[in-house]
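First the structure, in the form of structure tokens, and then the observations on it.
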Amino acid sequence: MIKFLDLQKINQQHSDEFKKAIGRVLDSGWYLLGNEVKQFEKNFASFCQADHCVGVANGLDALILILKAYKIQGLMKDGDEIIVPANTYIASILAITATNLKPVLVEPALNTYNLDTSLIEKAITPRTKAVMIVHLYGQCAYNDKVKEICDQYGLKLIEDNAQAQGAVYKGKKTGSLGDAAGTSFYPGKNLGALGDGGAVTTNDPELAEVVRTVANYGSKVKYVNEYLGQNSRLDEIQAAILDVKLGQLNDDNQRRREVANRYHAKIKNPKIVLPHIVSPEGHVWHLFVIRTENRDQLQQYLADNKIQTLVHYPIPPHKQTAYKEWNVQRFPITEKIHNEVLSLPISPVLTEDEVSYVIEIINRY
Ligand SMILES: *Cc1c(COP(=O)(O)O)cnc(C)c1O
């Protein structure tokens, strides 16, 4: 069986270093808001070329905290609109509704699966306050055009960077391209913890300060609460683990690129649409997503041949029961994507033989 993602194998590589890191935290007797988090925040900020990083409990919280902080700063208020791609993972949209803001869903481009920049201006109203781009599947969604629109209309540009840690646009890393970025260290992400984790990265010192405060009960000084806060902290053990893995993230992403390049060069089947690559350094291949008309049939065929695949994602947010008021809306490109996409196995630990086998089986389909 070729696993979709062999997390055990990925993390086993670091077993000795992890044990050392966890031992250090155990011996320190300090489990939250300590030196491990400080060190990791410094290193992850530097990795993203951002001035500030705030470790938080998960990726959804990272996005929620950014929006809450903007509200606290008076830059957004209840009912203001945030433009977001209709085909994103639901977390991006949940962050917007959870903070009493209004998601305005915009179709992605069919080739990149990222927000269709040419549709943004039509979606802007007097209540629009931000564009949230999502670097979906690991491909950078930022470009000069989206930045230009945000500047022209005075909108914040927020990145959902959960899937693209390490992707680059014209020499600049995701996580520092917009005004603020939220990322996730969910175990399956390119930089994954042994549990939940997330971070906000930004070049805006005031925003970072508010996010840090809100994430810690709205308190800078213990038992003195400035804001209506929440509890969303990255813990010391996860930070220590992430710091170990951060050292290898560029190599891991490079290995993902090699797998993707082989798939791209060797999969030749008229029934299958391969991913469109905007630029090689702009993609870190969190997922290798193909499209085909009879997706479920292809998935079954691959399963019969002992290749595990997943669908990212089977139901678009506007078709979810959680958002039943949107169920009547139509987003044809988004719906087509959800009906046709299939994610092939990809990871830094996939072997050459496994890649060859996947290629051979798909070409025989
Ligand atoms: C994983 C993910 C999130 C949420 O991260 P969690 O850590 O699971 O809360 C948000 N947005 C996108 C695009 C994701 O893939």
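The values are calculated or read from the model by the stated rules, or taken from the named source; none is laboratory data. All values derive from a computational prediction rather than experimental measurement. Note that each Cβ is placed from the backbone with ideal geometry, even for glycine, and that neighbours are counted across all protein chains shown. Quick note on the areas: whole protein, heavy atoms, side chains included, nothing else; ligands and nucleic acids left out. Shrake-Rupley method; radii C 1.70, N 1.55, O 1.52, S 1.80 Å.
Note on the chain: helix-only mean residue ellipticity at 222 nm, from DSSP H runs of 4+ residues weighted -39500 (n - 2.57) and normalised by residue number, equals -11500 deg cm²/dmol. Taken about its Cα centre, the range 7-130 carries a charge dipole of about 180 debye when Lys and Arg each add +1 at the Cβ and Asp and Glu each add -1 at the Cβ. Cα centroid separation, the range 1-70 to the range 330-365: 29 Å. Taking Lys and Arg as +1 and Asp and Glu as -1, the other residues whose beta-carbon sits under 15 Å from that of ASP78 total +4. Dipole size of the chain about its Cα centre, with +1 on Lys/Arg Cβ and -1 on Asp/Glu Cβ: approximately 380 debye, rounded to the nearest 20.
Give the distance, in whole Å, between the Cα centre of the range 236-312 and the Cα centre of the range 78-123. After rounding, the separation between the Cα centres reads 24 Å. Taking the average, over residues, of other Cβ atoms within 10 Å as the packing measure, peptides 325-335, 340-350 rank 340-350, 325-335 from highest down.
Work from the charge dipole of the chain (Cβ charges, +1 for Lys and Arg, -1 for Asp and Glu, about the Cα centre) and give the residue of PRO316, PHE288, PHE185 farthest towards its positive end. About the Cα centre, the residue reaching furthest to the positive side is PRO316. Here the simple spin-label model places points 7 Å from the Cα toward Cβ, and for ASN363 and ILE90 these points are separated by 4.0 nm. Pairs of Lys residues in the range 133-243 are counted when their Cα atoms are under 23 angstrom apart and they lie 8 or more places apart or on different chains; the count is 13. For the range 299-306, backbone phi angles converted through the Karplus equation (6.51, -1.76, 1.60; θ = phi - 60°) give residue-by-residue couplings of 4, 5, 4, 5, 4, 4, 9, 6 Hz, Gly and Pro being listed as x.
Near ASN250: Cβ cut-off under 14 Å, other residues only, Lys/Arg at +1 and Asp/Glu at -1. The net charge is +1.
Couplings 3J(HN,Hα) of the range 340-345, computed from phi: 10, 7, 8, 9, 7, x Hz, in residue order, whole Hz [Karplus 6.51 cos²θ - 1.76 cosθ + 1.60, θ = phi - 60°; x for Gly and Pro].
Amide H of ASN58 versus every other amide H placed in the peptide plane: which residues, excluding those fewer than 5 positions away on the same chain, fall under 5 Å? When sequence neighbours closer than 5 places are left aside, the close amide H contacts are GLY198.
Taking the accessible area of the chain, probe 1.4 Å, and keeping the other protein chains in place, the carbon and sulfur fraction comes to 52%.
Applying 1/(1 + (r/R0)^6) with R0 = 25 Å to the Cβ-Cβ distance of ARG330 and ASP116, what FRET efficiency is obtained, to the nearest 0.05? FRET efficiency, ARG330 to ASP116: 0.95. Karplus-based coupling profile of the range 271-288, in residue order and whole Hz: 7, 10, 9, 7, x, 8, 9, 5, 7, x, 7, x, 10, 10, 6, 4, 9, 10, with θ = phi - 60° in 6.51 cos²θ - 1.76 cosθ + 1.60 and x standing for Gly or Pro. Report note on the peptides 125-136, 177-188: ranked by the mean count of other C-beta atoms within 10 Å, highest first, their order is 177-188, 125-136.
Working from label points 7 Å from Cα in the Cα-to-Cβ sense, the MET1 to LYS20 distance is 3.4 nm.
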